[in-house]
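Colleague: What follows is a structure written as structure tokens; I'll ask about it next.
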Amino acid sequence: MNFINEYKAKLCSPETAVKVVKSGDWVDYGFGSGQPVLLDQALAKRKTELKDIKIRSALSLRPREIINADPEREVFTYSSWHFSGYDRQLHDRNLCNYIPMIFRNKPHFYRNELAVDVAMVAVSPMDKHGYFNFSLSTAAMRAILETAKVVIIETNERLPIALGGREECIHISEVDFIVEGGSAAIPELLPTVPDELDEKVARLIVEEIINGATIQLGIGGMPNAVGNLIADSDVKDLGMHTEMLVDAYLSMYKKGKLTNKYKKLDKGKGVWAFCAGTRELYDWVDCNPALASFPVDYTNNPAVIAQIDNFVSVNNCVEVDLYGQISSESAGIRQISGTGGQLDFVTGSYLSPGGKSFICFRSSFTDKQSGVMSSRVVPVLPAGGIVTDPRAQVNYLVTEWGKVNLAGCSTWERAERIITIAHPHFREELINQAEQMKIWRRSNKR
Ligand SMILES: CC(=O)SCCNC(=O)CCNC(=O)[C@H](O)C(C)(C)COP(=O)(O)OP(=O)(O)OC[C@H]1O[C@@H](n2cnc3c(N)ncnc32)[C@H](O)[C@@H]1OP(=O)(O)O
Ligand SMILES: CCCC(=O)O
């Protein structure tokens, strides 16, 4: 079938496409590298004509024109499902709100709770069958576009084609307007180079990983660094089942470690929902039959994860309290990122036969401005601090000082174990606090 006539009929300028937006609308932008560029610029230019436009997106990988054009937030109200560094700065300036979400629920939210008047997303150019591929942002894209009253796509020739899985594309018959976006560079998220401390943490995790295990790596510097060190270890025949595809998986592949050979589900395929990393990683994704992108209600479903034996999840956090509550998304009232899929994988990996979940973190945090060092292990989370993983679900915690398992532990056992992996500089004070909190045994070390 030839879709050229339909393509020509739907092709228009960004300015024409965004005329469909009217005051009061809910508009969804693609997230990550699915963020539209030309459509964002064109919508921003309509600021003086419009009122009360609510925009949802997530993980901005480049600045947004609707923000630059409206620094007082008079017309465009932007909310994000997960903060990048840019979103975090906007939040600090009161220009962005967080939308609480456990990532596996996002497609359900769109299909059952939310209205979308207009969706604008960046996708790959149309293929010969009339499909536009969601590329690096499958996650919840299909659910958003199925919900939207009007679908506008902006093509980008540099977006790789991600093979599914499922829900990785949209057909031209489901699209209302097409804007050609050319070949602008796709934003990259460069991995941090592992330091000595990452290596200590990685060693403690690697000794828990057996050949044939399946690995999930979360967002942030440390999980990716740990993943790179797993690639350098002796373990082999690893599987990939993850929400976020990061460069560490490419390292595992290059070193012959990623075979997906022993996965009970999707054998032979590395499973993922969205990707952010280097251009080299994006080229690896392109038309690669060894990888399969799926929506997050599959990748992140604990009941799915539980079907994969020896599932190991590695995620990072901001702070941990002496009860074992994990805050991975805020520092007090400052929203840092989001729940994302952390709780999904902490829960699912614990259900997996032989599975383990690791929350890894540096034991201390040094404020860039003041240079003051504080403990990431705190007696109680600061006021406003958000619990990402409830204490009752937490399994292993790992810092450069060691590794502890909290599953099934009483409050005094938790306090005792957690303090052993706190920075030594803060341990005495933490013990004093634990005593006051009545979670310290007399016979505990002191
Ligand atoms: C997208 C997904 O869901 S993937 C699946 C797993 N999901 C998750 O794990 C979600 C929750 N986790 C996360 O978002 C990340 O792992 C994080 C935020 C914990 C770590 O990510 P990183 O990018 O390595 O964080 P980084 O060290 O750069 O710190 C981020 C910010 O938090 C601040 N911060 C970190 N720790 C602290 C602390 N203890 N106290 C105060 N501020 C802190 C940093 O200063 C930085 O702020 P800045 O940008 O203004 O300088
Ligand atoms: C990491 C979360 C991205 C999204 O909300 O789609």
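Colleague: Would you please name the trypsin sites (Lys or Arg not before Pro) within region 364-412 that are DSSP coil residues with at most 13 other C-beta atoms within 10 Å of their C-beta?
Modeller: On the way: sites: Lys368, Arg376, Arg391, Lys403; in loops: Lys368, Arg376.
Loop-located and lightly packed - Lys368.
Colleague: While we're on this one: Below 8 Å, C-alpha to C-alpha, sequence gap of six or more: please give me the relative contact order for the chain in percent. The partial results should precede the final answer.
Modeller: Working: 1077 pairs, mean separation 58.0, N = 446.
Relative contact order, the chain: 13 percent.
Colleague: What do you get for trypsin sites (Lys or Arg not before Pro) in region 69-113 restricted to DSSP loop and a cutoff of at most 12 other Cβ within 10 Å of the site's Cβ? Please report the intermediate quantities before stating the final value.
Modeller: Details: sites: Arg73, Arg88, Arg93, Arg104, Arg111; in loops: Arg73, Arg93.
Sparse-neighbourhood loop trypsin sites (Lys or Arg not before Pro): Arg93.
Colleague: For Thr48 and His425 in the same chain, what is the full-extension length gain: residue separation times 0.36 nm, less their Cα-Cα distance, in nm?
Modeller: Values: separation 377, 0.36 × 377 = 135.72 nm, distance 5.57 nm.
Gain in length upon complete extension: 130.1 nm.
Colleague: What are the lysines whose alpha-carbon lies under 29 Å from the alpha-carbon of Lys236, with same-chain residues fewer than 8 places away excluded?
Modeller: Lys200, Lys254, Lys255, Lys257, Lys261, Lys263, Lys264, Lys267, Lys269, Lys356, Lys403
Colleague: Is region 59-144 rounded, prolate or oblate when judged by the Cα gyration tensor, a ≥ b ≥ c being the square roots of its eigenvalues, rounded requiring a/c under 1.5 and prolate requiring a/b larger than b/c? Please report the intermediate quantities before stating the final value.
Modeller: Working: a/c = 1.98, a/b = 1.49, b/c = 1.33.
Taking the square roots of the gyration eigenvalues as a ≥ b ≥ c, region 59-144 is prolate.
Colleague: Also, I was wondering about something else. Cross-link candidates for Lys10: which aspartates and glutamates have Cα within less than 14 Å, leaving aside residues fewer than 8 places away along the same chain?
Modeller: Candidates past the 8-residue exclusion: Glu154, Glu174, Asp176, Glu180.
Colleague: May I pose another question? Could you please rank Thr347, Thr214, placing first whichever residue has the fewest other Cβ atoms within 10 Å of its Cβ?
Modeller: Values: Thr347 23, Thr214 28.
Listing Thr347, Thr214 from fewest to most nearby Cβ atoms yields Thr347, Thr214.
Colleague: Once you've got the GNM for the chain with C-alpha springs shorter than 10 Å, pick whichever of Val394, Val380, Val201 has the biggest mean-square fluctuation.
Modeller: It is Val380.
Colleague: Return the percentage of antiparallel bridges among DSSP beta bridges fully within the chain, rounded to the nearest 5 %. Present the calculation step by step, with values, prior to reporting the outcome.
Modeller: Values: 16 of 65 bridges.
Within the chain, antiparallel bridges account for around 25 percent of the total.
Colleague: Another question, then. For an R0 of 51 angstrom, estimate the FRET efficiency from the Cβ-Cβ distance between Thr411 and Val20 and round to the nearest 0.05. Walk me through the numbers before you get to the answer.
Modeller: Values: r = 56 Å, r/R0 = 1.10.
Step by step, r from the Cβ atoms, then E = 0.35.
Colleague: Please report, in debye to the nearest 20, how large the charge dipole of the chain is about its Cα centre when each Lys and Arg carries +1 at its beta carbon and each Asp and Glu carries -1 there. Before the final figure, lay out the partial values.
Modeller: Working: 50 positive and 54 negative charges, 166 e Å.
About 800 debye.
Colleague: Please determine, in degrees from 0 to 90 and to the nearest 10, the orientation of helix 221-231 with respect to the longest principal axis defined by the Cα atoms of the chain, where the helix direction is its Cα long axis.
Modeller: Here the helix axis deviates by roughly 80 degrees.
Colleague: Here's something else I'd like to know. Going Cα to Cα from Lys438, which aspartates and glutamates come in below 19 Å? Please leave out same-chain ones fewer than 8 positions away.
Modeller: In chain and number order, the partners are Asp321, Glu413, Glu416, Glu428, Glu429.
Colleague: Same structure again: What is the dipole size for region 210-335, taken about its Cα centre, with +1 at each Lys and Arg Cβ and -1 at each Asp and Glu Cβ, in debye to the nearest 20?
Modeller: Values: 11 positive and 14 negative charges, 86 e Å.
Charge dipole of region 210-335: 420 debye, to the nearest 20.
Colleague: If you place +1 on the Cβ of every Lys and Arg, -1 on the Cβ of every Asp and Glu, and leave all else neutral, what size is the dipole of region 1-141 about its Cα centre, to the nearest 20 Debye?
Modeller: Working: 19 positive and 16 negative charges, 39 e Å.
Roughly 180 debye, rounded to the nearest 20.
Colleague: Can you classify region 1-67 as rounded, prolate or oblate using the Cα gyration tensor, where a ≥ b ≥ c are the square roots of its eigenvalues, rounded means a/c under 1.5, and otherwise it's prolate if a/b beats b/c and oblate if not? Write down the numbers at each step before the final one.
Modeller: Details: a/c = 2.19, a/b = 1.41, b/c = 1.56.
Judged from the Cα gyration tensor, region 1-67 comes out oblate (a/c at least 1.5, b/c at or above a/b).
Colleague: Out of all DSSP beta bridges with both ends in region 269-422, state the antiparallel percent to the nearest 5.
Modeller: Working: 12 of 25 bridges.
Restricted to region 269-422, the bridges split so that about 50 percent are antiparallel.
Colleague: I would also like to ask the following. Test of understanding: what is the full-extension gain from Cys12 to Glu72, defined as 0.36 nm times their sequence separation minus their Cα-Cα distance?
Modeller: Details: separation 60, 0.36 × 60 = 21.60 nm, distance 3.06 nm.
Stretched out fully, the Cys12 to Glu72 stretch lengthens by 18.5 nm.
Colleague: A further question follows. Please name whichever of Cys169, Leu217, Val206 sits farthest to the positive end of the charge dipole of region 112-220, dipole taken about the Cα centre and charges placed at Cβ: Lys and Arg +1, Asp and Glu -1.
Modeller: Highest projection toward the positive end goes to Cys169.
Colleague: Right, another one. How do Asp127, Asp389 rank when sorted from fewest to most other Cβ atoms within 10 Å of their own Cβ?
Modeller: On the way: Asp127 13, Asp389 24.
By the 10 Å Cβ count, ascending, the order reads Asp127, Asp389.
Colleague: Could you list Thr77, Thr138 in order of exposure, starting from the residue whose Cβ has the fewest other Cβ atoms within 10 Å? Kindly include the intermediate steps, with their values, before the conclusion.
Modeller: On the way: Thr77 17, Thr138 28.
So the residues, fewest neighbours to most, are Thr77, Thr138.
Colleague: Using DSSP to call loops (not H, G, I, E or B), can you name the GluC sites (Glu not before Pro) in region 169-240 whose Cβ has at most 11 other Cβ atoms within 10 angstrom? Please report the intermediate quantities before stating the final value.
Modeller: Values: sites: Glu174, Glu180, Glu188, Glu196, Glu199, Glu207, Glu208; in loops: Glu188, Glu207, Glu208.
Qualifying residues, ordered by number: Glu207.
Colleague: Continuing with the same structure: Which of Thr366, Thr278, Thr147 ends up with the largest GNM mean-square fluctuation for the chain, with Cα atoms connected below 10 Å?
Modeller: Thr366
Every number here is computed from the coordinates shown, using simple stated rules; none is lab data. The model shown is predicted, which means the values in this text are computed figures rather than measured ones. Methodologically, a virtual Cβ is constructed for each residue, glycine included, from the backbone with ideal geometry; neighbour enumeration extends over all protein chains shown.
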